[in-house]
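In what follows, a single structure is set out as structure tokens and then discussed.
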Amino acid sequence: MKSLVFTAIAGVLVLFFLLLPQPDATSQLKPVATAVSDATSNSFVLGPVKVFDGQQWRKERYVEVRDGRVQQLHPDKPDSTLPLIDGHNQWLMPGLIDAHVHAWGDALQQALNFGVTTALDMFGDQQFLVAQKAARAGTERTDQADMYGAGVLVTAPKGHGTQYGIEIPVIERPEQASDFVAARLAEGSDYIKIVYTSAKALRHFRPSIDLATLQAVIDAAKAQGLLAVVHIADLPSAEEAIAAGADGLVHSFFSEPVSDELLQLMASGQRFVIPTMTVMEGMLANQINEELLLQDPPALLTAAAISSLQQRFGNAQIPPERYQLLAGNTKKMAEAGILLLAGSDAPNPNTAHGVSLLVEMVLLQRAGVPNLQVLQSATSAPAKAFGLQEVGYLRPGYKADMLLLSQDPMAELTTLLTPAAIWKNGWLHQPELPAESTAVTAGLIADFNTGLTARSGGFAASSDSMMQGKSSAEIRVQQGALQVTGTTRPGFAYPWAGVAWQTADSMETGSNFSDISHIKFTIRGTPGQYRLDAFSAGSFMPVSHRFAVTADWQTIELPLSAFSGLNTEAVSMLLWNGPEGEFQFELDDIELR
Amino acid sequence: MNTLAIYQKEAWYDLISVWRTPGFVLPALAFPLVFYLFFGVLFSPSGSTSHAVYMLVTYSCFGIMGPAMFNFAMSIASDRAQGWLTLKRLSPMPVSAYLLAKMATSLVFALFIILLLFSAAAIFGEVRLYHSQWLGLALLLLLGTVPFALIGLLLGLTLSDKAAPGVVNLLYLPMAFLSGLWLPVTMLPQFLQQLAWLWPSYHLSQLGLKLLALDQGQPLLLHLTILLVTSTVLTLLCLLVFRRYTGAKS
């Protein structure tokens, strides 16, 4: 009897639970959150997360994204038909803005791979800039960062910016300022970048526009509704630029401590500074990349990026202690309340796109800038400074460019190096790992007995004529050897003429030379000093080794160690250069050992 | 009479004695139901489907806490005052039968409250959950009575029969409120939200909400650990107090 009662009760209970209603297919409730890896839509609810909105940490825990824009922040899970992405209570912040880059090629893809969702170009090809404008206006799915740019910079004849072998317009007199700025505006420049060195500066590297021209260009930019930012490298130039009304400085300086007058003028006038400490660290201390990145390089770093991070400036005469001065200036500027913007100046030596912005943020923090300000320096600060309307914040209406971090960036800034997820325009960004450079084994590369074929890659004539230089070169195979005729003439800053061996199909990956110790070849030709240039992938600055050539065949064997600074894991090109003047030489039996 | 029968009989009579106290039964069952219907269903923000779900979890927690705490605290305090406990200890019945009987009563009440609230949620609140979620929530709530039974036991062993009801109310109601069982915890001021971590009821409700992906997002293990540690500490305290109590009498 008793057991009957118990069975009955148990039966009723089972029946009760079976009768409880289930969600049907059309039900709005989606109780189970999907994982972050859902990449099928740019409309979703993300949470729970701790939200840094670009300016401050928020109470809200859920972010509602519609069509790639932030719709609303919610304290609790909102009622919504949108898919819910589980944020696992991690940290969410706006995508980063790199306030100082020079972008071409795959720069914007590289940037996005490291969470940089917007890049501000400070001198580059205006065609490239114009091509990016459509993408940045919408929230289409993309694998690259948005870009804003200065286009062509404003500089004097032979001034900084003219040395890269690209023909650019220059300015000589104040009267040209208005037309010059109008031409930039017509080309599509978003703001005006000016290069200026004061007459009072201790060192003059290149000719500069004068103060009157600087003033005229800044006035013209303001009259035409454009921001004017100034490249400076010392205190007097900075003071004069700010006094002339510049909206911001795109570099800090380590020539001397920043003056109280400059601090006050910048703070009260709400001017900003992009200290670009990373690129200067490369001129001075030269340690940070090794410490943060190169010991255990992130998988997304391409061989070209690693080469660029390892590349050195040619001016080793600056004492490394100057770095403390730079850090001190940065700290004083932060304390004075000047808006600091994180900018990497990639892809200059010691920097690479994307990843170097994270290095810059670490350097700002180590200089003594409070963590909150460091986070702002790569989000809301550049948005404020450059008047960007759609990025830099996680607030309603802004683009859903977001980083999900597995650690608290206020406690551990380097968590930015390994974000748990990156969203661009609300789309989950799934970066592709870079192609590995293939290893080259020892042995013959080419003997030119059956033409121009090489074991890998290929040969081509190369000269500075591609950079508007005046040298020239031609190659052909004759009697089982490679014959090179050409002329090396001054014209370009680094004249060259000769034959190049591209080591692999891709210049971006190059070949891995780790197993190689020597390069061996036979050569004869016009007697003189010849030069072998070796290029790391992604770098346009070779490391060189000189050797003498005579009219008789001789075998030359150069140790790879002679090319100090070469990234042997990614060698993209070897370039045999003839001597100065007219020359002809024959090259044969190129071998790696 | 075998031992199992003793346990059964004691449990049965404990249940009967409580059942025959309408002053206990009615509020214990009616309060959570009425509260839930009011705040979870009637006053639900228009168009919200998750509100009724969220509130189902929190008011169920609120519901199961009550009988566990009250039955233990008040009846043990009064049994002590009237000498019942001494008498029972003198009888051949093991003390554990006495305690397990009270636990069984708490579980029966918890089950009734779960049945009532789930029905109300399904019928009036239009709550739709998967079988696994309904069942998981029910099991969690039944298990979740343990720490509150221990709190009740501790109070029953330490307080006089006159003081017990007042003190239990003084603990029960603020604890429920501060754990976000009446209003979502996120609607509380910041410092109270941080205080919520103190209460086992907060962790129990977060576990329940986690089943429905409505929790605040702390790890599952954290809530479990805190609940386990709390229960262990309470058990040790109860043992200590019980030793002292029996030691003084013998």
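None of the figures in this text is laboratory data; all of them are computed from the coordinates on show. All values derive from a computational prediction rather than experimental measurement. Because the Cβ atoms are built from the backbone with ideal geometry, glycine has one as well, and the counts that use them run over all protein chains shown.
Observations
- Averaged over the residues of peptide B:122-129, the number of Cβ atoms from other protein chains lying within 10 Å of each residue's Cβ is 4.
- Here is what passes the span test in chain B: the DSSP H helices with alpha carbon length of 30 Å or more along the helix axis and a Kyte-Doolittle mean of 1.0 or above are B:95-123, B:220-249.
- Amide H contacts of A:GLY457 (H built 1.01 Å from N, under 5 Å, at least 5 apart or other chain): A:ASP505
- Cβ crowding within 10 Å averaged over residues, with A:530-543, A:98-111 ranked highest first: A:98-111, A:530-543
- Rounded tilt (10° steps) of A:177-187 against the dominant C-alpha axis of chain A: 60
- Extending 7 Å from Cα along the Cβ direction at B:THR235 and again at A:GLN407 yields two label points whose distance is 3.7 nm.
- Computed from label points 7 Å out along Cα-Cβ, the spacing between A:LEU444 and A:GLU580 is 3.8 nm.
- Net charge, B:GLU10 excluded, C-beta distance under 11 Å - Lys, Arg +1, Asp, Glu -1: +2
- Across all C-alpha atoms in chain A, the radius of gyration and Dmax reach 28.7, 118 Å.
- Rounded to the nearest 500, the helix-only mean residue ellipticity at 222 nm of chain B stands at -25500 deg cm²/dmol, with each DSSP H run of n ≥ 4 adding -39,500 (n - 2.57).
- The helix-only estimate of mean residue ellipticity at 222 nm for chain A, built from DSSP H runs of length n ≥ 4 each weighted as -39500 (n - 2.57), is -6500 deg cm²/dmol after division by the residue total.
- Non-local Lys pairs in region B:3-249, i.e. 8 or more apart or on different chains, that have alpha carbons under 20 Å apart: 5
- Here region A:80-107 is scanned for amide nitrogen atoms under 14 Å from the site 7 Å beyond the Cα of A:ALA420 along Cα-to-Cβ, giving A:85-93.
- Computed packing ranks the peptides B:202-214, B:128-140, A:549-561 as B:202-214, B:128-140, A:549-561, most packed first, by mean other Cβ atoms within 10 Å.
- With the biggest extent put first, the Cα atoms of region B:20-104 measure 61, 22, 17 Å across the principal axes.
- For A:PHE254, net neighbour charge (Lys/Arg +1, Asp/Glu -1) across residues whose Cβ lies under 11 Å away: -3
- Computed over the alpha-carbon pairs of region B:91-207, the distance histogram in 10 Å steps reads 11, 33, 37, 16, 3, 0 percent, short to long.
- Averaged over the residues of A:271-280, the number of partner chain Cβ atoms lying within 10 Å of the residue Cβ comes to 0.
- Here the average projected area of the convex hull drawn through the C-alpha atoms of region A:152-388 stands at 12.7 nm².
- With both residues required to sit in region A:438-592, DSSP beta bridges show an antiparallel share near 95%.
- Distances between placed amide hydrogens fall under 5 Å for A:MET573 paired with A:THR503, A:PHE535, all partners being 5 or more residues away or on another chain.
- Taking the convex hull of the alpha carbon positions in region A:438-592 and averaging its projected area over all directions gives 8.0 nm².
- Looking at chain A, the DSSP beta bridges with both ends there are about 70 percent antiparallel.
- Label point distance in nm, A:ALA243-B:LEU135, each placed 7 Å from Cα along Cα→Cβ: 8.2
- Out-of-range pairs (alpha-carbon distance over 28 Å; input A:LYS158/A:LYS332; A:LYS384/A:LYS424; A:LYS193/A:LYS399; A:LYS158/A:LYS424; A:LYS200/A:LYS470; A:LYS200/A:LYS384): A:LYS158/A:LYS332; A:LYS158/A:LYS424; A:LYS200/A:LYS470; A:LYS200/A:LYS384
- For the listed peptides A:447-458, B:58-69, a ranking on the average number of other beta carbons within 10 Å per residue, highest first, reads B:58-69, A:447-458.
- Within the shell defined by Cβ-Cβ distances under 12 Å, the residues around A:GLY510 carry a net charge of -4, with Lys and Arg each +1 and Asp and Glu each -1.
- In a DSSP loop and with at most 10 other Cβ atoms within 10 Å, the trypsin sites (Lys or Arg not before Pro) in region A:196-271 are A:ARG203.
- Cα-only Debye scattering, region B:3-249: base-10 log of I(q)/I(0) at q = 0.16, 0.17 Å⁻¹: -1.16, -1.28
- Using a Förster distance of 25 Å, the FRET efficiency for B:ALA163-B:VAL34 (Cβ separation, nearest 0.05): 0.35
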